Amino acid sequence: MSVEGNRAHWDNAYATKGEAGVSWFEDVPAVSLELIRQAGAGPASSVIDIGGGASRLADALLREGVGRITVLDISPAALDAAKARVGAAADDIEWIAADVTEWKPERRYDIWHDRAAFHFLTEADARAAYVERLRTALKPGGHAVIATFALDGPERCSGLPVMRYDPAGLAEVLGPSFELVGQRRNVHTTPWGSPQSFQFSLFRRVEPR
């Protein structure tokens, strides 16, 4: 699917279903917050949420006093929904409407977070482009929290095919620049009560030997 097609797909998903009507909705992003804390987030940290859309993670990071927050998503409609919910504090967040595989990072971050964007990249070229952006944007010694559907998770989401991973398989795709330092399995319950198996992996950015 083209970038324009992807953008239209996700704009339509948020426009027709609303923030709390999409399968990935979480009132409290508890596992993401746990791993971001484990990565050492604090007032001096810069955190980017990839595919953040209308997620409530940015709100939670503001409440926790994280210093600099960026949300990147392909869907302007999703970002607009998040801005409206956050209110005046939205001015304290950087919002980027872009496809992560084509985005050109202008600075580096301490923590990269992605809950369920990477698993939509079913083409090898798209995965390679993502990893290149991750390698460019994350500071050496910084951490990446990446969640995907687990091996027993759904094969499709929002009408699209997905890739499924375990932590070791994800580490292999990311390559030697990223050391696996933590993992969590999570069963997410959709707003309509269906269980979905996720795996969350925590990586540290290292210099390959």
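Odds and ends about this structure:
- Screening the candidates 151, 180, 121, 160 for the property of being surrounded by 17 or more Cβ atoms within 10 Å (Cβ to Cβ), touching a residue at least 12 places away in the same chain (Cβ under 8 Å) and not small (Gly, Ala, Ser) yields one hit, 121.
- Residue in the range 189-202 that is in contact with a strand residue (DSSP E or B) (Cβ under 8 Å, 6 or more places away or on another chain), under 27 Å from residue 46 (Cα atoms) and assigned to a helix (DSSP H, G or I) present: no
- Hey, residue 145 in contact with a His (Cβ under 6 Å, 6 or more places away or on another chain) and under 20 Å from residue 45 (Cβ atoms) or not: yes
- Looking across the range 182-209 at every residue that is within 17 Å of the chain's Cα centre (by Cα) and among the hydroxyl-bearing types (Ser, Thr, Tyr), the one that is farthest from residue 152 (Cα to Cα) is identified as 201.
- Residues of the range 123-151 that turn out to be more than 16 Å from the chain's Cα centre (by Cα) and farther than 22 Å from residue 181 by Cα, as a count: 3
- For residue 142, the criteria (1) out of contact with any strand residue (DSSP E or B) (no Cβ under 6 Å at 6 or more places or on another chain); (2) closer than 20 Å to residue 51 by Cα hold in every case but one, which is (1).
- Here residue 34 meets the list (1) modelled with pLDDT of 95 or more; (2) buried (at least 18 other Cβ atoms within 10 Å of the Cβ); (3) part of a helix (DSSP H, G or I) almost entirely, failing just condition (2).
This table checks each residue for (1) part of a helix (DSSP H, G or I); (2) of a type outside the set (A, V, I, L, M); (3) free of Cβ contacts under 8 Å to residues at least 12 places away in the same chain.
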| site | (1), (2), (3) |
| --- | --- |
| 86 | yes, no, no |
| 91 | yes, yes, yes |
| 95 | no, yes, no |
| 99 | no, yes, no |
| 105 | no, yes, no |
| 113 | no, yes, no |
| 126 | yes, no, no |
| 134 | yes, no, no |
| 141 | no, yes, no |
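- Pairs linking a residue in the range 47-67 that is closer than 20 Å to residue 8 by Cβ to a residue that is in a helix (DSSP H, G or I) and at pLDDT below 95, with Cβ atoms under 6 Å and 6 or more positions apart or on different chains, are 53/78; 54/19; 54/78; 54/81; 54/82.
- Residues that are assigned to a helix (DSSP H, G or I) and either in contact with a Lys or Arg (Cβ under 9 Å, 6 or more places away or on another chain) or closer than 19 Å to residue 150 by Cβ (or both) within the range 115-124 comprise 118, 119, 120, listed in sequence order.
- Residue in the range 193-204 that is touching a Gly at 6+ places or on another chain (Cβ under 9 Å), among the basic types (Lys, Arg) and under 18 Å from residue 72 (Cβ atoms) present: no
- Qualifying residue in the range 12-31 (condition: assigned to a strand (DSSP E or B) and either modelled with pLDDT of 95 or more or basic (Lys, Arg) (or both)): no
The values are calculated or read from the model by the stated rules, or taken from the named source; none is laboratory data. Bear in mind the structure is a predicted one, so any value in this text is a computation, not a measurement. All Cβ positions, glycine included, derive from the backbone under ideal geometry; neighbour counts span all protein chains shown.
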